[in-house]
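> Below is a structure I'd like to ask you about.
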Amino acid sequence: MGRGGANKNRKPGAVAVGAGSARGVASAPAVGANWSPGAKELARRVEHAAETKRSDRRGDDLRSHFIVDRGAGKVAPELERAFQAIQQAHTIRGLRPVRVRVVDGRSHRGCFVRSQIPGDYTIEVGREDRAPAAVFVHEVAHYLDAHGFGDQDTAELASENGDVFAQWRTAVRASAYYSDVDRKCVVSVSQRQMEVSRYEYLLSDRELFARSYMQWIALRSQDEVLLAQVNEGRREGIPTQWADDDFASIAAALDELIDGNEHLQP
Ligand SMILES: [Zn+2]
């Protein structure tokens, strides 16, 4: 189960070297049967090997932060899909690892659990969920919010207080999605209380961050399953995801946010 679509990795390190060596190879046959790779071709191969190694290391760094249940079963390949998608956008270094439990129960989608012990985190993913990869990426956002950006001891969520989220918060508040859902919320205040809490939940910083992170990972990885989940979220009764053009400045804010964090470097 590979990634779908093009690799939109933002920092393709090997491009310049590869383009140069293509010209080198084209002129080489004139030398004859004893032709051996020229300096440019060798440099390209060395760079390619180094890039592969870097990519493997980034993947290993990322995965080392997740202690996955042995009993993940059919959800395991979906978690692998999520790791590969996240890896397209950033790695994780030097954070406390989080346990990943696959839990039974039809209504259970996923959650991020912080225990009383600082640094004790668990991500739960529902075994029967129809989109475990998207759920997992969403919960990873809560983990990063609490631990990657937040206070590592109190696990206070950075999305709700942190100055570092200022640009992201501005972009989210300025989106058409936000004012649309916000307006619907005001209208429904006179209606059922349950409906109001659903709006409040959707418009909380922590949930906006988790959903914007999932959409950003889908966009940067072009993973077809995650992209399908984004589309599905747009069609829900109260939409949960942004339209593409509405999301552009939020994606840019997330680029900045991740690039600026020492633990989450590309
Ligand atoms: Zn959530």
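The values are calculated or read from the model by the stated rules, or taken from the named source; none is laboratory data. For clarity, every value in this text was computed on a predicted model and none was experimentally measured. Here the Cβ positions follow ideal geometry from the backbone for every residue, glycine too, while neighbour counts run over all protein chains shown.
> For segment 79-100, give me each residue that is free of Cβ contacts under 8 Å to residues at least 60 places away in the same chain and charged (D, E, K, R).
Selection gives 96, 99.
Listed here are the residues, each with its yes/no results for (1) at pLDDT 95 or above; (2) in a loop (DSSP other than H, G, I, E, B); (3) among the basic types (Lys, Arg); (4) not assigned by TED's automatic domain parsing to the domain that holds residue 90.
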position: 196; (1), (2), (3), (4): no, no, no, no
position: 211; (1), (2), (3), (4): yes, no, yes, no
position: 240; (1), (2), (3), (4): yes, yes, no, no
position: 248; (1), (2), (3), (4): yes, no, no, no
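> Further, regarding this structure: For the list (1) at pLDDT 95 or above; (2) surrounded by 21 or more Cβ atoms within 10 Å (Cβ to Cβ), I need the number of the one condition that residue 167 fails.
(2)
> Which members of segment 127-140 meet the condition of being in contact with a Lys or Arg (Cβ under 8 Å, 6 or more places away or on another chain) and modelled with pLDDT of 95 or more? Give the derivation first.
Start the filter on segment 127-140 by keeping residues that are in contact with a Lys or Arg (Cβ under 8 Å, 6 or more places away or on another chain), which leaves 127-129, 133, 135, 138.
Of everything in segment 127-140, those that are in contact with a Lys or Arg (Cβ under 8 Å, 6 or more places away or on another chain) and modelled with pLDDT of 95 or more turn out to be 133, 135, 138.
> While we're here: Considering only residues that are in a helix (DSSP H, G or I) and either within 16 Å of the ligand (Cβ to nearest atom) or in contact with a strand residue (DSSP E or B) (Cβ under 7 Å, 6 or more places away or on another chain) (or both), look in segment 63-72 and name the one that is farthest from residue 265 (Cα to Cα).
Quick first cut of segment 63-72, residues in a helix (DSSP H, G or I) only: 63, 70-72.
Retained after the next criterion (residues that are either within 16 Å of the ligand (Cβ to nearest atom) or in contact with a strand residue (DSSP E or B) (Cβ under 7 Å, 6 or more places away or on another chain) (or both)): 71-72.
Working: 71: 31, 72: 28 Å.
The extreme case among them is 71.
> What number of residues in segment 220-265 are over 13 Å from residue 167 (Cβ atoms), of a type in the set (Val, Ile, Thr) and either within 14 Å of the chain's Cα centre (by Cα) or crowded, with 17+ Cβ neighbours inside 10 Å (or both)?
Number of matching residues: 3.
> Does segment 71-84 include one or more residues that are modelled with pLDDT under 90 and assigned by TED's automatic domain parsing to the domain that holds residue 222?
Our first condition is that a residue be modelled with pLDDT under 90; within segment 71-84, this holds for 71.
Next, only the ones that are assigned by TED's automatic domain parsing to the domain that holds residue 222 stay: 71.
Within segment 71-84, one or more residues are modelled with pLDDT under 90 and assigned by TED's automatic domain parsing to the domain that holds residue 222.
> Cβ-Cβ under 7 Å, sequence separation 6+ or interchain: first residue in segment 216-234 and more than 16 Å from residue 255 (Cβ to Cβ), partner surrounded by fewer than 23 Cβ atoms within 10 Å (Cβ to Cβ) and among the aliphatic types (A, V, I, L, M). Which pairs?
From segment 216-234, the pairs are 229/131; 234/243.
> Name the residue, out of 197, 212, 221, that is touching a helix residue (DSSP H, G or I) at 6+ places or on another chain (Cβ under 9 Å) and within 16 Å of the ligand (Cβ to nearest atom).
On inspection, the qualifying residue turns out to be 212.
> While we're on this one: Are there any pairs, at least 6 apart or on different chains, whose C-beta atoms fall under 8 Å, with the first in segment 133-146 and in the same structural domain as residue 163 (by TED's automatic domain parsing) and the second away from the ligand (no atom under 11 Å from the Cβ) and basic (Lys, Arg), and if so, which?
Taking only residues 6 or more apart or on different chains, the pairs are 133/81; 146/114.
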